[in-house]
Structures are given as C-alpha cells and as structure tokens.
Amino acid sequence: MAIPTGINSASCVVLPGVHGFNLPFLIVLLISVVIGFLMVIVFRYTSDQKAIHKVKDQLKAHLLAVRLFQDQLPVVLKSYGRILRCTGRYLLLAFRPLLFVIIPMIVLIVQLDRYLGFAAVNSGQAFLVKAQASGVDALNDISLLLPPGMRTTAPAVHAPASHEVIWRVVADDGGAYDINVDIAGQKLAKTVVVSSGLARISPVRLREHFWQRMLESGESALPSNSPIESVEVSYPLRDISFLGYEWNWIWLFFVLSLAAGFAFKTVLGIEI
Amino acid sequence: MRVLSNNEAVTSERRQRAFVLLAIAGLVLLWPLRSEAYAGPGAGFAVLSSFWTLFVAFLYSAYAFITWPARHLLRFARRRHAYRNAAIQRAVILGFDGMDPELADRFIGEGKLPNLAKLRQQGTFRKLRTTYPAISPVAWSTFMTGVNPGKHNIYDFLGCDRNNYLPFLSSAEIRGPKRTLKLGKYTIPLGKPCIKGMRRGIPFWHWLGKAGIFCSVIRVPVTFPPEKFPGVLLSGMCVPDLKGSQGTFCLCTTVKTDDKFREGGVRVPIERNGSALHSYIPGPEDPLAADSGRELRAAFEIRPNGNSARITADGESFTLKVGDYSEWVPVKFKAGLGFSARGICRFYLKQLSPEVEVYVTPVNIDPARPDLPISHPVTYSIYLSKLFGPYATLGLAEDTWALNEEVLDDNAFLAQCYGNHDDRERMLFDALEKTRQGLCACVFDTTDRVQHMFWRYLDEDHPAARNVARDQRPNVIEDLYRRMDDLIGRVMKQIDNRTLLMVISDHGFKSFARCVNLNAWLHQNGYLALKSGKTESGDWFDDVDWSRTRAYTMGLNGLYLNMKGRERQGIVAPGTEAESLKQELRNKLDGLVDPASGRIGITGVFDCDTTYAGPYVENAPDLIVGYGEGFRASWDSVMGKVTSQIFEDNLKAWSGDHCVDPRLVPGVLFSNFKIADEKPAIVDVAPTILKLFGLPLPGHLDGKAWAVATEPVG
C-alpha cells in the first residue's frame, strides 16, 4: 500500500484485520484473562483476606437468618439492617485493593480504549471534522487544509452558537493522515486514521483540559495561545460481536475479566 | 529552619502519597468517564457481590413481607390456639448436663453462685428425679418426649445386638447408600448415606411447632439425625465424627510403639523427611472401595522451628507453639473420581523435643458443609458457622478419652472444653435474640465432661489423685459451677417477666473410685462361662461359651439374660426360668459388698419389666444395675470383657460418674417461677411446657405437668 503524503506514521500503529478472526474480540479476551489473573493476585496481597472472609460469612449468615426466621418480622428487619452494614464494610474492605489497581488500570484502559473504543474510518466513507474555537469571532478565519487523498464533500458548516466549524470529509485511500486546521496562518495538525483494521485512534486534539487530554486524546496539546480549543474527528464507536450481541469493548472486558477473575480466585483459593 | 527528622520526613512523604492517591481516587470516583468507570475486576467483584447480596436480601425480605400476611392467616387458620391459652410467651430451658444438686446447694450456701441463689430464693430449686438408668441419652430422651424409656427406646449409649452379642449405637444407625454402581475396582455410591434415628417418641417442640410456637433447640442430646419440625434445631450428643465413630482422636508421634489406646484414639507415626515431618489424619472408610476397610487419609506436614512448628494441612498453613491449639482447620479426604469427605479438626502441639507429638481432635463434620445432616433445617448449622465461625459438631465434643489416655493434660482438656462452651454460649444468645416468643432450649455438656474428668480433685481420697497433694488440687469443679452461674446471670438479663427460665440437669454426679466388673462376678458365680482353659475373656465376650452362659452385661448399667429364642445362642427359657433367674440375680447383687473397702458396691437392681412400660420394652436389658456411691461398671465390663478381679481401683482421670443407682443422682431444677411440686421428675418437663403454652397434653405422656405459678419473681 502506498503511503500517501501527509501520513503521520510515527504515532499510529495499524493492525490489519485477519480474515476469519474477530481480532478485537481476541484482544479483549486475552487482555481480560491476563488482567483477571493479575487482579486477583493483586487483590490477594493488598486486601485483608481474613476480614473479607469474615464479613462475607457474616453477610451469608444474615441472609440465611432472613430465610430461617422469616415468620418473625423483627428478626427479618434486624437482619436486613445487618446485611446493609456488612455490605458497607465489605465495600470498604474491597476499596483498599482498588486504590492499588486504580491508576494502572486507568492507564491500561485508556490505552486500550485508543485501539478498541473507536473504529477507524473506511476509505470512501464520509466523516466529520469539527473545530471548536474559543469565541464566535474566530469562526470566519478557520479553514481546513487536507492532504492529497482527502477531500471535502460539502461546504463547511458554521455553528456560531457552539463556536464550531464542521466539515464533511472523505479519504480515497487507507492510511494515517495529518489534516490541518488553519486559523490566521496558524496551522494545527490532527491525525486521521483511515483503515479497515485495528488502529490506535485519537478522536480529538485538545487545548488545555489536562485530565480530558490524558483520558481521551492521544495527541499533544494544541498551543495554549491558539484560538482553537479542539479539533475532533467523528470516528464511529466500535462494537464487538460476542454471543450474538454487539458489545462495547469495555462491557465485554468487564464481563470477561470478571469471569476470568472468578475462575482464578477459585483455583487459587483467593477471597474476593 | 527546622530540619525534619528521618521519621518525620517518611511520615510526611507517606501523607503526601496517601493524599495524592486519595485525590486521584476521589477525582476518578467523582467524575467518572466512560473508560475509567470500571477499574478492573477488583472493583467489579466488590460491586457485583454487594449488588448480588443486596438483591438476594431484597428478594428474601420481599418474600417475607409479601407472604407474611398470608402465612399469618394460614397459621391462624391452622393453629389458631397458638399463644391464645398460653400462660407464658417464652420458655428458656438451660440444660446443664450433670449439674449436681448437692454441689449446687453447697456452693450456693458458700455464696459462690449468686444467680442460682437468686433463683432458689425467689423461684424454685428442687432435685429433679432422673431416669433408670441415669445416663444422658436416656434422660434427655425422656426430657424431650415426656415418656419412659419403654416408649422412646433409648436405654444406654449402646444397645446389644442379640444375634451376635455385639454392641451398636442405640441412638442412630448409619449405613451406606442403598444403591451403588460397580465400575471396575470402584463402587460408586448412588445417593446419600442412610441415617435412621432409633429414638422413638415425639419431642415436645414438635407439638409446639405444630401449634405455631417457634422453637430454637440447640445441642439437646439424641437429636441426631435431626427431625423436621417448624423451628430450628442443632443436633447434640450422638452426632458422629467423620469416621462414623463417637469420637476418635489421633496422636501423631515420632515415638515408635505398638501400644494401642484402649478406645477413643489411634496413634499415627510421624515420618522425618529432611527438615520436614510428615504424618496424616485417619479419615472415614473409602466409599469407593466398599467393604475393603481401606481408610482415607489427609496428610499434613510439620516444620519445627524452635518452640513452635509450622503445620500445613490441606493447603492451609499455621504456626503453633508447644501447648497451643490451632483454630478449626478444614481437612479433605480424597477418595478419587472427584469424591471426597470434608471435616474440621483442631491440632494441638504437644511437644517438639525429644519427640515430636501432635494431637488432632476427632474430625468433626464441617457445619458449613455438612456431609451428614446435623441440623434442621440443614441451613441452620451453616448459618451458625457463618455467623460465629466453625464449631465442634461431634456429639461428645470434649475429648475425655484423650485425657483418660494421658494424651492431653488437664489444662489442654479444659481449654478444649471451654472453647466449645464459649461457642455454645454464642449460639444460645443468638437463639435468645431470634426467639423473642416461643421455646429456646440449649444443653451444655461442659458440666458433665468436666465433672467426669476432675471429680478426683474433689474427692477426699480418689485413687486417681492420690499423687496430688490436697493443697495442690485445682478447684476445677467449683470454677465450672461459677461459670455456669455467671451464664445464668447473663441469661436472666435477657428475659422479661413473661419468660419462664428453667435450669435443669439430667442427673447429678458421684465419685467413681472403684470399678465393678459385673461380668467377672457373673463368671465367678456361675452365670457366665468361658471356653475351657480360659480364665479371662477378650473384649466383646471373646472366649465366652454361650452354650453355658445364662447372663451377661454390656454397656453401663444393663444386665441381660441369655434368653432362648431371643439371643442367638440363648439357653434361658422365657417365663418362669427367666423370672426366677432375674430374681436370683437381684437377690445376690443387691447389696454386693466391696471386700476391700467394706462398702456396698450395688445398692439396687431393677427389673426392666416393671420399671418400663411401652412398645419398646423388649429392646431393654433385663435388669438395670444401680451401683453404690463411689462405684461404677468397670471399663472392661462395659466392653464385654471378663476379668479375674471383680473390684478394682479406678485410676483414670475419668473419676466422677452418674451411672449409679438413679436414686443417688437426681438432677437439678431451678426456675424463676414458683413450682409447687415437691418431687418433680425429668419426665414432667415436656408436659409442663406444653401446658404452660396452653396446649392439650397427648395421652401417651408419662410425665405430669407441674403446678407453676406464672408470676415470675425478681
């Protein structure tokens, strides 16, 4: 495949689709199993296993009490109160391991989300590029510069209420492109990935908004003196087929990593 | 500028780190975005489990709420008499197995039992007549059914199989599953073991339950297997261990010896393997190799380290110091093909030098995952286990054999007893909380076991304590009574003035200083014959010539005639011959004198035909022997052994007993209500409770309801 001019190859890894395999699913499955395993290990060593075991036993006891003494309403009510108390204590005990894993997990999930959260646009498929300015005055000065192989299919739409200019664009060939938003001579690049495979995708390039940039954008910040606040590409959300349903990867990861975690905790005898 | 010390710097750094972590966690939790909303399986587990718990609780509660009016109506329609005629709202029965009225009276008089004193002063204190014989399974069966043994079929711990002169457990029969599948070398059980309760009669809590009166029954003897009734019940005395025995401890030792324990325990070798030592716990028979007698084993490892050792059993490791007990440890006996038996036991590190010795309690049925039903409903034992942790489920949970065989010392035995007792107390107070109306009955065995084993220190001149100076003797029994009194005090604080509190015991206690081998007496007096050339027999009548034997004894108080048509090799004709033989034996045995002390060894011999009445009298022995104070059946005689000596000293720690003339060992009856009857009996408890709850008395009951003034005092 010829690499068109303007392609940013450094920040973009494109994994081609493998015929007959649901690659995103396999990746989610693999990561879920590994993470499920690692998490139960981390849980084992960062939690108070004895206390968790005890509070879970207490929970079960109070549940059984509701059943055993069901004819005695005061006992049922008291048991229900104790169930709530034990649940609170259990959540508190589970919170400590959460502190240990929360940051690495967020980093991991953010990185995975770059690959699995959105699908790249296909060649020939129209997509929107949206530039948001900090004020309405700048809107008339904004233009879009496209690399060869890309073209707009409609005039730019100005939305003064939201300080936005929107273009509809089509790429003729696959690849990773740098498009530029020009405002008063200042050129602000944004990567666009056109592919049918699995690619690292950054849907938005932002000015400031540190946390949002960390979590949503895979690109460097826009210059702080720029009147443009963000440049966004409307990638479609990726759905992964599993058991006859279309899943968002995070839900699939949730289910599979839990299943893996439950399996490993049973095998390893870890109290969760 | 002040320079931070190292500690301050570290603390400050920790604080900063904690602050950053908390801040991040807070940010993430307060502003969750799509991708970080799920922070891995750890959070997922917590959320899912909590949700699931609350969901199930909600379902349970919703079910309870929604169906409550319907159930209430149904109860009202079916049992509209519940509480309508009741003189009390709640009855709390504390059973202190073996609490002796004379000792209680003495300690009350000395001001040591303030709560019992209060009950005596403001309510009732009486001697409670016991059963014939005065043995716990017999007396407690009478307590719960309100009938004599002829109607409940329990005459001793052991019954006698007349076909082979061998003993069987009188309370329950456990057999393998009815159907099996033969698969090569394996015999796969299809179904659960068959457990048949041998006690007959209907416990009074069944009548109460049917009438809509809720009952919590904890560890009353002879309630295994648990019977269905509207209430909760945890079985007590007679629940077997995982081996199916009434308690088989295990002493793992590096000492090489062929000696075997007389009963109640086994020695298991410890093998050295480098720095580690290996041994095993003997378990039940392999269910897949039926009839082979092959036992399953659970291996464990010991790694000594100074004055302690690391023990690893079934993947669980713990460290024990010499003289310490472990918590309850789960053990698994694997049989193959995925079959296994699970139990719990406690380890006691006896010594590490010069030899290594580890005592392991009998393997109890795990209450959280019972292989046999030990409660009704089954979930009740699970509930208690989840609430309080694992607990002893074996009927005779206090290992008296281990102390008798000097495997445990006094302190180790007491620690075991009071550990079990504390568990029982927790169960009692939970039952009190859950049973605001109805019956709450709980039996404590500690009183019985401790008196059995420590009476030697109370006796002036007990053979088993002659080597202990009088001033060195611990006040174990006085301490026991104080503890029980304290428990009663705490229970009294939990009850209101519409609650009847009854403290009862099934029998009292006496010293057991001299053993009587009745089989030896029968042999020497021509009633029991040995095979030619033999002067003694083995256990269970080995070498007894049945063709010339007219009478024999087995168990604690029963004497049997070798009756034609009943015993397999019987020679005594029923009718006149049997009657005259019984009379002859009674005449000779009643008043039998111990030549060494000049004291009377037997103070009464009772004919079962006149003592009992009911459909099961035929299963009773022919005579009940009532031993005099200080005497009891010898250890050998109980096991069907004929020795050359009739009387001998009892040198065992088991030094107090109640298997004597029942007239000598009444139990106690304390109550917070005034009871008018002067001579109450244990058989009267059931009708009294039924009457107090306003229920009609079933016609077959032998007991009489007491006149109770239902205005509590104090």
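The values are calculated or read from the model by the stated rules, or taken from the named source; none is laboratory data. Predicted model, so just to flag it, every value in this text is computed and none were measured. Positions of Cβ are generated from backbone atoms using ideal geometry, with glycine treated the same way; all protein chains shown enter the neighbour counts.
Can you list the strands (runs of 3 or more DSSP E) lying wholly within the stretch A:175-272 that have 3 or more residues being charged (D, E, K, R) and within 13 Å of chain B (Cβ to nearest Cβ)? Working first, answer last.
Working: elements: A:175-183, A:186-194, A:204-206, A:228-233, A:240-242, A:245-247.
It comes to none.
Does the stretch A:52-69 include one or more residues that are buried (at least 16 other Cβ atoms within 10 Å of the Cβ), in a helix (DSSP H, G or I) and either in contact with an Asp or Glu (Cβ under 7 Å, 6 or more places away or on another chain) or in contact (Cβ under 8 Å) with a residue 60 or more places away in the chain (or both)?
yes
Can you find a residue that is polar (S, T, N, Q), surrounded by 16 or more Cβ atoms within 10 Å (Cβ to Cβ) and in contact with a His (Cβ under 9 Å, 6 or more places away or on another chain) anywhere in the stretch A:185-202?
No, the conditions are met nowhere in the stretch A:185-202.
Which residue, of B:PHE168, B:PHE143, is at pLDDT below 95 and not assigned by TED's automatic domain parsing to the domain that holds B:VAL92? Give the derivation first.
On the way: B:PHE143 fails: at pLDDT below 95.
Just one listed residue meets the conditions, B:PHE168.
Yes or no, residue by residue, for (1) outside any loop (DSSP other than H, G, I, E, B); (2) touching a Phe, Trp or Tyr at 6+ places or on another chain (Cβ under 9 Å); (3) surrounded by 21 or more Cβ atoms within 10 Å (Cβ to Cβ); (4) away from chain A (no Cβ under 14 Å):
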residue	(1), (2), (3), (4)
B:LEU181	yes, no, no, yes
B:PRO189	yes, yes, no, yes
B:LYS196	yes, no, no, yes
B:ILE213	no, yes, yes, no
B:THR223	no, yes, yes, yes
B:GLU227	no, no, no, yes
B:PRO230	no, yes, no, no
B:LEU233	yes, yes, yes, no
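Confirm whether B:PRO193 is modelled with pLDDT of 95 or more and outside the structural domain of B:GLU285 (by TED's automatic domain parsing).
Taking the combined requirement at face value, the residue does not satisfy it.
Could you pull out every one of the helices (runs of 4 or more DSSP H) wholly within the stretch B:369-444 that has 3 or more residues that are within 12 Å of chain A (Cβ to nearest Cβ)?
Here the list reads B:378-388, B:410-434.
Is there any pair linking a residue in the stretch B:694-714 that is modelled with pLDDT under 90 to one that is among the aromatic types (Phe, Trp, Tyr), with Cβ under 9 Å and at least six apart or on different chains, and which?
From residues that are modelled with pLDDT under 90, the pairs are B:THR710/B:PHE673; B:GLU711/B:PHE673; B:PRO712/B:PHE673; B:VAL713/B:PHE673.
Could you say whether any residue in the stretch A:212-226 is closer than 22 Å to A:LEU26 by Cα, buried (at least 20 other Cβ atoms within 10 Å of the Cβ) and either among the hydroxyl-bearing types (Ser, Thr, Tyr) or modelled with pLDDT under 90 (or both)?
No, the conditions are met nowhere in the stretch A:212-226.
Might you check whether a residue that is assigned by TED's automatic domain parsing to the domain that holds B:LEU233, under 16 Å from B:ASP97 (Cα atoms) and under 14 Å from the mean Cα position of the chain (by Cα) occurs anywhere in the stretch B:423-437? Outline the logic, then answer.
Within the stretch B:423-437, the first condition is being assigned by TED's automatic domain parsing to the domain that holds B:LEU233, and the residues that meet it are B:423-437.
From the residues that got through so far, the ones that are under 16 Å from B:ASP97 (Cα atoms) too are B:424-425, B:428.
Those left that are additionally under 14 Å from the mean Cα position of the chain (by Cα): B:424.
Yes: one or more hits.
Just to verify a result, which residue in the stretch A:228-252, among those that are modelled with pLDDT of 90 or more and either over 29 Å from A:SER123 (Cβ atoms) or among the hydroxyl-bearing types (Ser, Thr, Tyr) (or both), is surrounded by the fewest Cβ atoms within 10 Å (Cβ to Cβ)?
Residue satisfying both the conditions and the ranking: A:SER234.
Does at least one position in the stretch B:323-336 carry a residue that is among the small types (Gly, Ala, Ser), without any contact (Cβ under 8 Å) to a residue 24 or more places away in the chain and buried (at least 18 other Cβ atoms within 10 Å of the Cβ)?
Among the residues of the stretch B:323-336, at least one is among the small types (Gly, Ala, Ser), without any contact (Cβ under 8 Å) to a residue 24 or more places away in the chain and buried (at least 18 other Cβ atoms within 10 Å of the Cβ), which makes the answer yes.
Looking at the stretch B:301-322, which of its residues are surrounded by 15 or more Cβ atoms within 10 Å (Cβ to Cβ) and touching a residue at least 40 places away in the same chain (Cβ under 8 Å)?
Matches in the stretch B:301-322: B:ILE302, B:PRO304, B:SER308, B:ALA309, B:ILE311.
Can you tell which of B:ARG449, B:ARG456 is buried (at least 24 other Cβ atoms within 10 Å of the Cβ) and closer than 21 Å to B:TRP140 by Cα? Outline the logic, then answer.
On the way: B:ARG456 fails: closer than 21 Å to B:TRP140 by Cα.
Only one candidate passes the filter, namely B:ARG449.
Taking into account only those residues within the stretch A:78-98 that are within 7 Å of chain B (Cβ to nearest Cβ) and without any contact (Cβ under 8 Å) to a residue 40 or more places away in the chain, which is surrounded by the fewest Cβ atoms within 10 Å (Cβ to Cβ)?
Only one residue tops the list, namely A:LEU91.
Being more than 8 Å from chain B (Cβ to nearest Cβ) and assigned to a helix (DSSP H, G or I) is the filter; apply it to the stretch A:38-51 and report the residue that is farthest from B:TYR380 (Cα to Cα). If you could, list the steps in order and put the result at the bottom.
We begin by selecting, within the stretch A:38-51, every residue more than 8 Å from chain B (Cβ to nearest Cβ); these are A:38, A:41, A:44-51.
Right, trim to assigned to a helix (DSSP H, G or I) and you get A:38, A:41, A:44-46, A:49-51.
Numbers: A:LEU38: 37, A:ILE41: 34, A:ARG44: 30, A:TYR45: 33, A:THR46: 33, A:GLN49: 25, A:LYS50: 23, A:ALA51: 23 Å.
By that ranking, first place goes to A:LEU38.
Looking at (1) surrounded by fewer than 17 Cβ atoms within 10 Å (Cβ to Cβ); (2) among the charged types (D, E, K, R); (3) part of a strand (DSSP E or B), find the lone condition where A:LYS130 falls short.
Against the list (1) surrounded by fewer than 17 Cβ atoms within 10 Å (Cβ to Cβ); (2) among the charged types (D, E, K, R); (3) part of a strand (DSSP E or B), A:LYS130 comes up short only on (1).
Could you identify the single residue in A:VAL101, A:VAL75, A:VAL55 that is more than 24 Å from the chain's Cα centre (by Cα) and within 7 Å of chain B (Cβ to nearest Cβ)? Explain how you work it out, then say what you get.
Working: A:VAL101 fails: more than 24 Å from the chain's Cα centre (by Cα); A:VAL55 fails: within 7 Å of chain B (Cβ to nearest Cβ).
Going through A:VAL101, A:VAL75, A:VAL55 in turn, the sole match is A:VAL75.
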